[in-house]
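For reference, the structure is listed below as structure tokens.
Only the coordinates and a few stated rules stand behind these numbers; no lab work does. It should be emphasised that the depicted structure is a prediction, and the values quoted were computed from it without experimental measurement. Note that we place each Cβ from the backbone using ideal geometry, even for glycine, and neighbour counts take in every protein chain shown.
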Amino acid sequence: MRDQRIKPTDEPLTSRDLGVCQSVHNTVCDEQKCAPGSEEANRIAAITIHLYRQGVRDEQKLLELVRAARGIQFGREDAKRERKPLA
């Protein structure tokens, strides 16, 4: 039998993982006024899960990258309010 290693992208998402992704998805959909189940909401969900599986686990960073992937621009005031200081 071959030694098969599970890649991080193949591991199942935990309830915590899903909670982070759901929070980001809800935030972006609320900002964009996406109807649940709409094509745009589904795109946002797919991007969110993809980025999370690629290793973006910080919720704020994930939010920024999902926004960027969908071409959502925030002004300086919004960006200051949304960012957390680096530790």
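Rounded to the nearest whole Hz, the Karplus-based 3J(HN,Hα) values (6.51 cos²θ - 1.76 cosθ + 1.60, θ = phi - 60°) of region 52-57 follow the sequence 4, 5, 7, x, 7, 9, with x at glycine and proline. Using Cβ point charges alone (K and R +1, D and E -1), the dipole size of region 8-54 about the Cα centre works out to roughly 40 debye.
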